[in-house]
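First comes the structure, then the notes that go with it.
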Amino acid sequence: MNKKPIIVGLSHVGTYFSHINYTVSSMYHLCDFIVVINGGYDIYNPCKGDNILLERDAFLLKEIDIDNKVRQFRAAWKGVNNIKKGKSEAGRDRNMSMAVQAAFKLGADWVLKVDSDEILHHNINRKDLENLVSISQNGKYGFRFSMQELWGTYKTYQSLPDWAEGDDHNYPSSNDAPQFYKPCLTDWYIGGSPVVSSSIKQYQKLFSYHVRSVPPTDVDPFEYFVRRYWYHKYIPRQAQAVREGQEFNIDFDVFMEECKKSAEQSVKIINSGKLLPIDPNAIDPRIPKESPLVVEMGCKNYIKMMKNNS
C-alpha cells in the first residue's frame, strides 16, 4: 500500500500587512503542517534590517491554528543552506528557502507554496493533491494552479493583472500562482518564485485568488498600500545599488511622499468601484466567478467546515 504523502504548506509575511489568515485557512485542510516565515522591514526605520516581526500577522496565525498545524518562524535564521548569494530579494527569497528547509525537518514529501496575498479556492481537496502526486512521475513534474486577480474588494475581479500585456495566455497561471511540487534541499527562490528540481506545469483545474490589490478588512487601505508600495519601490533601488557596487542612499522624506502618492491613487481607484482598464468586462471562462468562501465564512468556521467535509 502506498504511503500517503506528507504535505507541508509554505508561506511568508513581512514589511506590509498580509492576508495570511485567509491564506493559511484556505490550505489548512490540505496540509499536515504549514510553515510561515515572519520577517520584513520597518518602513520607518529600514536600517534595522529586514527581519522585523509583523506582530499583527503573528497574532492572526495563532488565532486560527485550531489543530496546531502552523509552524511560525522568525526570519534570518543563521546557517541557512543553499541560498544563492546576490539573488535574495531583501530576505524574501531567503525566507522562502528557509521555509523549504523547515518543511524537510517536518518530513515533507510535497510542499504547497501559497503567498500571503493568495487564497486557494474552496473546491480544492486533499484528494486533488494526492492525485497530482500520483501523476507526477515521482516528482518529475510539479504543478502551478490557475489564479484570478481581485481588485478593491474580495468580490471585484478582473482576469488579468495590470502588468499583463493583451491576452496573456500564461495568466492566470503565472509564476506568481500557488505551486505544488516535491521539494529538494537544493531548491531556492528568486522574486518569491521557486527554482526547483521539478518541472512545473500549469494545472488550470485548481483555482486560487490573487488579493494583493485588496486591503485586508482590519487594515486601513491607505496604510496597506503605503507599506506595499514602499516595499516594491525600495527593494529594486536597493538591489540596483548592490549590483552597481554603490552605497544605497535615498532621500527618505521624498521617497515616503512618492509611496504615499501611489497609495492615494490606489485608494481612489478601489473607492471608485471600477476595474482596471485592461479587462473592463472581467470575462474569462477559465476562472470561477465566486468571491473566496473563507472570507465570507470567517477563518475558524471555514477551517471547521473543511475539516468535517474531508
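A short reminder: the numbers here are calculations on the coordinates, not readings from a lab. Bear in mind the structure is a predicted one, so any value in this text is a computation, not a measurement. Cβ placement follows ideal geometry from the backbone for every residue including glycine, while neighbour counts extend to all protein chains displayed.
Quick notes
- The phi torsions of the range 196-208, fed into the Karplus equation with coefficients 6.51, -1.76 and 1.60 and a -60° offset, translate into couplings of 10, 6, 5, 8, 7, 10, 5, 9, 7, 7, 10, 10, 8 Hz, rounded to whole numbers, with Gly and Pro shown as x.
- Amide H contacts of LEU206: SER146, each under 5 Å away and 5 or more positions distant or on a separate chain (H built 1.01 Å from N in the peptide plane; Pro and chain starts excluded).
- Highest average first, the peptides 245-253, 137-145, 43-51, 221-229 ordered by how many other beta carbon atoms sit within 10 Å of their residues are 221-229, 137-145, 43-51, 245-253.
- Among the listed pairs LYS69/LYS307; LYS127/LYS205; LYS155/LYS260; LYS48/LYS105, those beyond 20 Å (Cα-Cα): LYS155/LYS260; LYS48/LYS105
- Counting beta carbons within 10 Å around each of SER97, SER262 and listing the fewest first gives the order SER262, SER97.
- Exposure proxy for TYR209, TYR231: other Cβ atoms within 10 Å of each Cβ, ordered fewest to most, give TYR231, TYR209.
- The amide H of LEU10, built 1.01 Å from its N in the peptide plane, has VAL35, LEU112, LYS113, VAL114 as neighbours under 5 Å, considering only residues 5 or more places off or on other chains.
- Around the amide H of ASN38, modelled in the peptide plane, lie the amide H atoms of VAL13, PHE73, ARG74, ALA75, all under 5 Å away and 5 or more residues distant in sequence or on another chain.
- Sorting LYS205, LYS268 by the number of Cβ atoms found within 10 Å of their own Cβ, with the fewest placed first, yields LYS268, LYS205.
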